[in-house]
1. To make sure I understand the rule: partners must be aspartates and glutamates, Cα under 18 Å from the Cα of Lys51, and not fewer than 8 residues away in the same chain. Which ones qualify?
2. With unit charges on the beta carbons (Lys and Arg positive, Asp and Glu negative) and the dipole taken about the Cα centre of the range 8-60, which residue among Tyr8, Gln52, Ile34 sits farthest to the positive side?
3. With the crude spin-label approximation of a point 7 Å out along Cα→Cβ, what separation in nm comes out for Glu38 versus Val9?
4. List the equivalent ellipsoid semi-axes of the range 8-60 in whole Å, largest first, each obtained as the square root of 5λ for an eigenvalue λ of the Cα gyration tensor.
5. About its Cα centre, how strong a charge dipole does the range 8-60 have in debye, to the nearest 20, once Lys and Arg get +1 and Asp and Glu get -1 at the Cβ?
6. Quick one: compute the contact order of the range 8-60, relative version, from alpha carbon pairs under 8 angstrom and 6+ residues apart, as a percent.
Amino acid sequence: MGKSSCRYVINAQGKGGETYYTHCKDKAEVKKWIATHEEKLSMKELKIIDKQKHPLLSWLSFKF
């Protein structure tokens with residue numbers, strides 16, 4: 001199976017209980033998708049996963 005050209009995975013929960021799952025190839029596309037769907041999303045339930053980031057670094061990252 002070949003490598004996917006999509007780097008970021010967005011998993012989000014909507015204000016009405018909807019679930020959003022999409023792929024984006026770069027940060028600009030992620031920002032554009034969020035801006036387009038911002039009024040529908042619960043920003044607390046928004047997860048963006050970088051598929052190229054080493055899993056250990058993701059585990060060690062801290063949120064302030």
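1. Within the straight-line limit of under 18 Å, Lys51 reaches these aspartates and glutamates: Asp26, Glu29.
2. Selected residue: Gln52.
3. 2.7
4. Whole-Å semi-axes of the equivalent ellipsoid: 21, 13, 8.
5. So the magnitude is around 120 debye.
6. Values: 59 pairs, mean separation 23.9, N = 53.
Reported as a whole number, the value is 45 percent.
Read the figures in this text as sums done on the coordinates, not as results from a lab. Quantities reported herein were computed from a predicted structural model and do not represent experimental measurements. Cβ: placed from backbone, ideal geometry, glycine included. Neighbour counts: every protein chain shown.
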